[in-house]
1. Could you list, in sequence order, the residues of the stretch 13-49 that are basic (Lys, Arg) and either in contact with a Lys or Arg (Cβ under 9 Å, 6 or more places away or on another chain) or under 18 Å from GLU205 (Cβ atoms) (or both)?
2. Looking only at the stretch 242-258, filter to residues that are free of Cβ contacts under 8 Å to residues at least 12 places away in the same chain and hydrophobic (A, V, I, L, M, F, W, C); which one of those is farthest from ILE11 (Cα to Cα)?
3. Under 6 Å between Cβ atoms, which residue pairs at least 6 apart in sequence (or on different chains) link something in the stretch 225-238 that is in contact (Cβ under 8 Å) with a residue 40 or more places away in the chain with a partner that is part of a helix (DSSP H, G or I)?
4. Return a yes/no flag: does the stretch 38-57 have any residue that is touching a His at 6+ places or on another chain (Cβ under 8 Å) and not aliphatic (A, V, I, L, M).
5. Residue under question is ASP130, and the condition is that it be over 22 Å from ALA177 (Cβ atoms) and at pLDDT 90 or above; does it hold?
6. State yes or no: is GLU102 assigned by TED's automatic domain parsing to the domain that holds LYS76 and farther than 16 Å from THR24 by Cβ?
7. Does ASP240 count as part of a loop (DSSP other than H, G, I, E, B), at pLDDT 80 or above and either at negative phi or over 26 Å from the mean Cα position of the chain (by Cα) (or both)?
8. What number of residues within the stretch 10-40 satisfy the criterion of being part of a helix (DSSP H, G or I) and of a type in the set (Lys, Arg)?
Amino acid sequence: MSTLLGEQVDIKDLYRFAIDGHLTLSINFLNDTPVRKVSLIRAEDIRYKTITPKHKNFSKNMRVNVPVGVRYQISKEYWIKDESKDWYKVKGVYDLAMVGAEQYEISQLLYPESEVKIPIISGFYVKNGDQIYKLQALHKPSVSHDQQAPVQSKNGVEGDEDDSAHISLKPRVLQQAVSASSLWDHEYELVIKTGEVTRFIQSLEDEPIPSSQDEKSLSPRERGTLLTIIGAFCNHMDIDPLDKGSTSPIEKMLELNGTPMKFDTIKRHLDQVPDAVERRRK
């Protein structure tokens, strides 16, 4: 990666690539980890029905749009369509789905000096192929009266409250799987699959390089002028073109403008800005 990008790539760069969706991080669960199977649906694909709330505090003319066929929302982009009632344990390497709170925890690794707020409702998700799993944490609930079962007395007759001398209560306490509050609820290590590294490098190599014929329409003077204008814009926005962290914000701006561009394409042009500005000043 360092060779292809022309600069040193460190761990934080990998976190940034993962958050921006360019690289898939995986998680290696070192021990058995409880999960539930879930299916997702994008927010734009949800169907709604209009209902009239039947409550005295609401107006009779009030109408409310209610989502149909979904369980609950985990982000602006995704809802849980279905979730299995039963949980089971997995172990080994799974990809981070990056659809819930897992992206926030990666951001915390990227910016350890700041406190990243993680939405509680989101949950943490991993995937294996097309199957998505929601991470769970195991807890033993406290023993309640309903969970207490009488034990037969010495003469073989089931006891009651009057037979207190011959009765002991045996609690039935079952482990409950609840939504994990953090990736750190489990023993794991973050990894990148070899195949994913190969795919990422291939995506960089596949970026088309403008041919000499394409460049004929833009003279060196015109190209230098455009790069100088970009440099002035960067200076006004307090953006350092050579800072690796500057590429992602510009990529986001291009997406919002409806003119998306690949990360390394933006980086390649930004790298040319300082030289163009320096030549212009001479």
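1. Answer for the stretch 13-49, where residues must be basic (Lys, Arg) and either in contact with a Lys or Arg (Cβ under 9 Å, 6 or more places away or on another chain) or under 18 Å from GLU205 (Cβ atoms) (or both): ARG16, ARG36, LYS37.
2. As a first pass, look at the stretch 242-258 and keep what is free of Cβ contacts under 8 Å to residues at least 12 places away in the same chain: 243, 249, 252-253, 255-258.
Subsequent filtering for residues that are hydrophobic (A, V, I, L, M, F, W, C) retains 253, 256.
Working: MET253: 25, LEU256: 28 Å.
Looking at residues that are free of Cβ contacts under 8 Å to residues at least 12 places away in the same chain and hydrophobic (A, V, I, L, M, F, W, C), I get LEU256.
3. So the pair list comes out as LEU227/VAL273; LEU227/ALA276; THR228/ALA276; THR228/VAL277; THR228/ARG280; ILE230/VAL273; GLY231/VAL273; GLY231/VAL277.
4. There is no residue in the stretch 38-57 that is touching a His at 6+ places or on another chain (Cβ under 8 Å) and not aliphatic (A, V, I, L, M).
5. yes
6. Judged against the criteria, GLU102 is not a match.
7. Judged against the criteria, ASP240 is a match.
8. Looking only at that region, the number is 2.
The values are calculated or read from the model by the stated rules, or taken from the named source; none is laboratory data. Just so you know, these numbers come straight off a predicted model, no measurement behind them. Backbone-built Cβ (ideal geometry, glycine too); neighbour counts: all protein chains shown.
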